[in-house]
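Colleague: Questions regarding the structure given below will be posed in turn.
Quick note: the coordinates plus some simple rules give every number you see, no bench work behind them. Given the structure is predicted, the values throughout are model-derived calculations rather than measurements. Glycine gets a Cβ as well: all are built from the backbone with ideal geometry, and neighbour counts include every protein chain shown.
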Amino acid sequence: ERTKLRRLKTAKSSTLDGVDIALHANIELPGDVANALDGGAEGVGLFRSEFLFLDRGDMPTEDEQFEAYRTVVKGMIGRPVTIRTFDLGYDKDLHPEKVAGERMQSNPALGLRAIRLSLAESKMFQTQLRAILRASQFGKIKLLIPMLSQAHEIDQTLAAIERAKATLRGENCPFDEAIEVGAMIEIPAAALAVGLFLRRLHFLSIGTNDLIQYTLAIDRSDEQVAHLYDPLHPAVLMLLAHTIASAEKVHIPVSICGELAGDPQLTRLLLGMGLRQFSMHPAQILSVKQRIMQSNCAELAPIVRRLLRYEEPGKIREQLDKLNA
Ligand code: PEP
Ligand code: MG
């Protein structure tokens, strides 16, 4: 089975009815690029840049970050690399207290996390943006912003990016002027009011790990409620379907980069919702590609529409099993 999958590495990722599906890799460190390429990724859909803090007590300098981002984009040899700005202040054991100091809080999942922390720590954010922009002259980089929920946060973020660009121009430092900026959709408010994202940004990436946590009020790291953490809850599926359909209507690219994008049992469900871009752990890419190559998007759309009417995740799972058999 492994060797059969390996043979799919160079196969085209398209469905039986000829729809091309982009398969990208999630990475955490520059050293993961080899795995991404080995898995046959067409690009990096999510580079979790906060992992640059791993195993160190301080903030990586602009040059250290620049080196890391350049290594990734050069390593991907012309393929696009989506760099997510720091998602600090939450669960990852990355010593963010060294940056955030006294800002550490009692309920970090609902606190000063991700873009909220970056906007509050403008020096840290400018350093990161400059490093990413400088690396953008070496390949195709896109900027992805975590945990946005409000229009004014998007506008503030875009203004911060403009500031970083202006300082680089002042130093005659080249960068990609047309760099695309996108948002993680991982807060229910963002999925429901997705229009305000679509009007301001170039692309969306749905972070289902957090979207499920916040929709169902289930701490994603709490074992005691893990059995309630269900990607097939109808509310979660409604948010996914709404986000994907809304983006498609205005021709804004949308991908899913949460764990469920890498589950081949859910591939047909997502194809039926209209998803055309997936980003996942590199080890999952070939299994998902195999499922894609055996699927028909036109057939799946009406089946999935019916499936979205079920109230019980168990029923939906049953139907999916049939669909996958
Ligand atoms: C997500 O929330 O789905 C996601 C991809 O980001 P992270 O797991 O890093 O929070
Ligand atoms: Mg997230």
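Colleague: State whether the chain is rounded, prolate or oblate according to the following rule on the C-alpha gyration tensor (a ≥ b ≥ c being the square roots of its eigenvalues): a/c under 1.5 gives rounded; otherwise a/b larger than b/c gives prolate, and the remaining case gives oblate.
Modeller: Working: a/c = 1.71, a/b = 1.38, b/c = 1.24.
Taking the square roots of the gyration eigenvalues as a ≥ b ≥ c, the chain is prolate.
Colleague: Based on Cβ point charges of +1 for Lys and Arg and -1 for Asp and Glu, what charge dipole magnitude is obtained for the chain about its Cα centre, in debye rounded to the nearest 20?
Modeller: In total the dipole reaches around 1120 debye.
Colleague: So what does the Cα-only Debye profile of region 112-264 read at q = 0.09, 0.17 Å⁻¹, as log10 I(q)/I(0), no solvent term?
Modeller: Taking Cα atoms of region 112-264 as identical point scatterers yields -0.32, -1.00.
Colleague: Where in the chain are the helices, taken as whole DSSP H runs, whose Cα atoms extend 30 angstrom or more along the long axis and whose Kyte-Doolittle mean reaches at least 0.0? Provide the component values of the computation, followed by the final result.
Modeller: Numbers: long enough: none.
Sorted by number, there is nothing, because no helix extends far enough and scores high enough.
Colleague: Further question: Charges on Cβ only, +1 for Lys and Arg, -1 for Asp and Glu, centred on the Cα centroid of the chain; of V33, L143, L286, which one is farthest towards the dipole's positive end?
Modeller: Result: L286, furthest along the dipole toward the positive end.
Colleague: May I pose another question? What does the helix-only formula give at 222 nm for the chain: each DSSP H stretch with n ≥ 4 adding -39500 (n - 2.57), the total divided by the residues, and the result rounded to the nearest 500 deg cm²/dmol? Let's see the in-between values first.
Modeller: Values: 15 runs with 142 residues, N = 325.
It comes out at -12500 deg cm²/dmol, rounded to the nearest 500.
Colleague: Can you tell me which of 308-317, 187-196 comes out highest on packing, and rank the rest after it, using the mean Cβ neighbours within 10 Å? Display every interim value, and only then the final one.
Modeller: Numbers: 308-317: 13.7, 187-196: 18.3.
Going by the mean number of other Cβ atoms within 10 Å, highest first, we get 187-196, 308-317.
Colleague: Would you please classify the overall shape of region 181-229 from the alpha carbon gyration tensor, given that a ≥ b ≥ c denote the square roots of the eigenvalues, rounded means a/c under 1.5, and beyond that prolate means a/b larger than b/c while oblate covers the rest?
Modeller: Numbers: a/c = 4.84, a/b = 2.68, b/c = 1.81.
Prolate, since a/c reaches 1.5 and a/b exceeds b/c.
Colleague: With each label point set 7 Å from Cα along the Cα-Cβ vector, what nm distance links T167 and L308?
Modeller: With each label point 7 Å from Cα toward Cβ, the separation is 4.3 nm.
Colleague: Starting from the Cα of K4, step 7 Å toward the Cβ, then list every residue of region 258-295 with an amide N under 16 Å from that point.
Modeller: Residues passing the 16 Å test: 264-265, 286-295.
Colleague: Moving on to the next point. Which order, highest average first, do 288-296, 78-86, 164-172 follow once you tally other Cβ atoms within 10 Å for each residue and take the mean per peptide? Spell out each step's value before the answer.
Modeller: Details: 288-296: 19.2, 78-86: 22.0, 164-172: 12.8.
So the order, starting with the most tightly packed, is 78-86, 288-296, 164-172.
Colleague: For K322, give me every one of the lysines with a C-alpha distance below 21 angstrom, ignoring sequence neighbours fewer than eight places off in its own chain.
Modeller: Filter leaves K289.
Colleague: Still on this structure, I have one more. Tell me which of T167, Q277, L133 sits at the most positive position along the dipole axis of the chain, charges placed on C-beta atoms (Lys, Arg +1; Asp, Glu -1).
Modeller: The residue sitting most towards the positive pole is Q277.
Colleague: Continuing with the same structure: Below 8 Å between Cα atoms, with a sequence gap of 6+, how large is the relative contact order for the chain in percent?
Modeller: 20
Colleague: Taking the mean number of other Cβ atoms within 10 Å as a proxy for protection, how do you rank 252-260, 52-60, 108-116 from highest to lowest?
Modeller: On the way: 252-260: 22.7, 52-60: 14.6, 108-116: 18.6.
Highest mean packing first, the order is 252-260, 108-116, 52-60.
Colleague: Also: Answer rounded, prolate or oblate for region 4-57, using the Cα gyration tensor with square roots of eigenvalues a ≥ b ≥ c: rounded when a/c is under 1.5, else prolate when a/b is larger than b/c, else oblate. The partial results should precede the final answer.
Modeller: Details: a/c = 4.95, a/b = 2.34, b/c = 2.11.
Judged from the Cα gyration tensor, region 4-57 comes out prolate (a/c at least 1.5, a/b above b/c).
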